[in-house]
Amino acid sequence: MGLPDAAGDLSSEMEVDAFRRLFPLRFHERHLAESIRPDGRPVGGARDTSLALGAVGSSDGSALAKIGSTTMLAAVKMEVMTPLSESPEEGCIAIEFHMPPICSPLVRPGRPADAAPVVAKQLNDTIVSSGMINLKELSLVSGKAAWMAYLDIYCLDADGALFDAALLSAVAALSHLRIPQVSLNDDGRVVVVSEEGEEKIDREPVNKEKRKLNLTNIPFSLTCVLHKGYILADPTAEEESIMGTLVTVALDSSDQLVSLYKPGGPVLAHTSVLKDCVELTKKRTVELQKILAEAISDMDLE
Amino acid sequence: MEVDRADGRTANQLRPLACSRNVLNRAHGSASWSQGDTKVLAAVYGPKAGTKKNENPEKACIEVIWRTKSGQNGKAEKEYEMILKRTLQSICVLTVYPNTTTSIIIQVVHDDGALLPCAVNAACAALTDAGIPLKHLAVAICCCVADGGYVMLDPTMLEEQNMKAFAYLVFPNATMCVLSDAATLVDGEPKEHGVITSVTHGAMAVDEYLLCLERGRAATAKLSDFLRRSLQSQVPSGQLESA
């Protein structure tokens, strides 16, 4: 390896932690040369991923997703609204992404994080592009009432690959979603039927069968860092900040490309590299589908 | 394949381009760039002393301020600012003026599709006008995928909304180099084939995306010639002689 300057000579006698702080790039390149990452993963391997549904009792659907130590909490709240006049048959979904100061030392109280609106926009684009939710399913009474789904995602710990974890938690919260039962009262207004509700049994709920959304083409994503010909899957925050070229690929269940997102960065992505990223994402998508299916079946057992 | 476009263009035809430099009096560098009815004005101020918080003071810092035609900045504008900032960071030589900030202000004059590519091209021309050291220029293009799987270049706003997917792509321009072509290859591909930035909307097959890349590259070669020509022609002849 070509290590021309003092760092190469120092590395043999310096404490590992000190070397990591002083020469972060060299520290990572040393690992990459041995085809391993500082946390013991292979170069193309993602961190352990876990998913728990129903983490927030007061919401209509929720999920907690963890990829390594990156943690996202997503919750859906349903409200009845009057549909827009352009689309009387459709409901609406509003996606928000929050990064409170607890998630990272870079986020200061009182000042919103720069990354938050960008991730929110990316999530919105991906969920809309994939056509995962049929907005017609959110309609209650044509032209009169439809559901407005508020999907809020909170980042509890930001340790890299924010978009991947946020998308996973969002998808899981939407698949956990149970739409509340509503009925029409005498004035033709929509009222929520309470779950216990013995007093209002006389009214037939308008959405007795449609309690769950039918999700098709669920998208999953993988973020990779490009550095000198290496493709590092699922980077940590440290890796993201040291090697600045990120590529996020999102594929849906029928292997359609929903998003290929590369916002600049010092490394140019050639066709072969992009193809490799897509291949890695295909493998990851299979893993994530399995994790989501397991989380749903665990939920049904309870 | 024959395609019907509302304005009678062929699938690979771009809208009329126009670029003028040094359009603003007070800015250190400025440019306006238009593609058909989409027009963007870019101004560059800097390098100014000091960097912002959370930026590396050992390097020059790039700041992008996006102004919409009217109204407040929303999430989309924040995203554009971030993408443009990272794109420009990758083409600027950041080590020349450490601990400085260069501001690029993008003012949208009119949006008729392919807004982000237009802004990238405008910003590039403005940076050149301001004399900020650049490694190479960046040229941006919007490719749009129609239902039959064919690709159309530089869509208007209406085409962007009606097509199933579109991609904004940014490539480096071909640098003029004394080395032989083979010496500048990166992994067997010329450098100008590498993607600096890619943003996609809508779902498409992976092969359709690769087709977009191929068409985009061919078109950016033309765009890069246009950019180079328009930058050269506007240098006053006196400056060339004294240089």
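The values are calculated or read from the model by the stated rules, or taken from the named source; none is laboratory data. These figures come from a predicted structure and were not determined experimentally. Note that we place each Cβ from the backbone using ideal geometry, even for glycine, and neighbour counts take in every protein chain shown. Protein only, heavy atoms only, side chains kept; ligands, DNA and RNA dropped before computing areas. Shrake-Rupley method; radii C 1.70, N 1.55, O 1.52, S 1.80 Å.
Here are the numbers for this structure:
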{"read-out": "Three principal axis lengths of the stretch B:34-191 [C-alpha, angstrom, descending]", "value": "49, 49, 26"}
{"read-out": "Rounded to the nearest 10 Å², the accessible area of A:Leu106 at probe 1.4 Å", "value": "120 Å²"}
{"read-out": "Drop in accessible area of at least 10 Å² in the complex versus isolated chain, residues of the stretch B:49-85, 1.4 Å probe", "value": "B:Lys53, B:Asn54, B:Lys75, B:Ala76, B:Lys78, B:Glu79, B:Met82, B:Ile83"}
{"read-out": "Accessible-area ranking of A:Lys282, A:Lys136, largest first, probe 1.4 Å", "value": "A:Lys136, A:Lys282"}
{"read-out": "Estimated vicinal HN-Hα couplings, Hz - the stretch A:71-84 in sequence order (Karplus 6.51, -1.76, 1.60; Gly, Pro = x)", "value": "10, 10, 10, 10, 9, 10, 10, 9, 9, 8, 9, 8, x, 5"}
{"read-out": "Under 5 Å, built H, 5+ apart or other chain: amide partners of A:Ile218", "value": "A:Ser253"}
{"read-out": "Residues in the stretch A:263-278 occluded by at least 50 Å² - accessible area, probe radius 1.4 Å, against chain by itself", "value": "A:Pro263, A:Leu268, A:His270, A:Thr271"}
{"read-out": "Dimensionless Rg ratio for the stretch B:31-90, taking C-alpha atoms and the 2.2 N^0.38 Å reference", "value": "1.30"}
{"read-out": "Under the Karplus curve 6.51 cos²θ - 1.76 cosθ + 1.60, θ = phi - 60°, whole-Hz ³J(HN,Hα) for the stretch A:252-262, x wherever Gly or Pro sits", "value": "9, 5, 9, 6, 7, 7, 8, 7, 10, 10, 10"}
{"read-out": "3J(HN,Hα) from dihedral phi, the stretch B:156-169, Karplus parametrisation 6.51/-1.76/1.60, rounded to Hz, x for glycine, proline", "value": "7, 4, 5, 5, 4, 6, 8, 7, 6, 7, 8, 10, 8, 10"}
{"read-out": "Magnitude of the charge dipole, the stretch A:41-301, Cβ model with Lys/Arg +1 and Asp/Glu -1, debye to 20", "value": "680 debye"}
{"read-out": "Euclidean distance of C-alpha centroids, the stretch A:219-248 and the stretch B:1-47, integer Å", "value": "33 Å"}
{"read-out": "Distribution of pairwise C-alpha distances over the stretch A:41-301, 5 Å bins, in %", "value": "1, 6, 12, 16, 17, 15, 11, 8, 6, 3, 2, 1, 0, 0"}
{"read-out": "Accessible area (Å², 1.4 Å probe, nearest 10) - B:Lys53", "value": "140 Å²"}
{"read-out": "Accessible surface of B:Ile65 - all protein chains present, 1.4 Å probe, nearest 10 Å²", "value": "60 Å²"}
{"read-out": "Helix-derived mean residue ellipticity, 222 nm - over the protein assembly as shown, DSSP H n ≥ 4, -39500 (n - 2.57), to 500", "value": "-9500 deg cm²/dmol"}
{"read-out": "Solvent-accessible area per residue for chain B (1.4 angstrom probe, square angstrom)", "value": "46 Å²"}
{"read-out": "Largest-first ellipsoid semi-axes for the protein assembly as shown, taking √(5λ) over the Cα gyration tensor eigenvalues, angstrom", "value": "42, 30, 22"}
{"read-out": "Accessible surface buried once A binds B (1.4 Å probe; total of both sides; Å²)", "value": "2900 Å²"}
{"read-out": "Sum of side-chain charges, B:Ser224 neighbourhood, beta-carbon under 13 Å (Lys, Arg +1; Asp, Glu -1)", "value": "+3"}
{"read-out": "Inter-label distance, nm, simple model (7 Å from Cα along the C-beta direction), B:Val23/B:Asn56", "value": "3.4 nm"}
{"read-out": "Test item: Cα-centred dipole of the protein assembly as shown, Lys/Arg +1 and Asp/Glu -1 on Cβ, debye", "value": "1680 debye"}
{"read-out": "Order of exposure, largest accessible area first, which applies to A:Arg178, A:Arg21, A:Arg41 with probe 1.4 Å", "value": "A:Arg21, A:Arg178, A:Arg41"}
{"read-out": "Accessible area in the full protein assembly, largest first, 1.4 Å probe, for A:Ser62, A:Ser87, A:Ser297", "value": "A:Ser297, A:Ser87, A:Ser62"}
{"read-out": "Rough spin-label spacing in nm, given labels placed 7 Å along Cα→Cβ, for A:Ile36 and A:Ala94", "value": "5.0 nm"}
{"read-out": "The protein assembly as shown, accessible surface, carbon-and-sulfur percent (1.4 angstrom probe)", "value": "51 percent"}
{"read-out": "Relative contact order %, the stretch A:41-301, counting alpha carbon pairs below 8 Å whose residues are six or more apart", "value": "21 percent"}
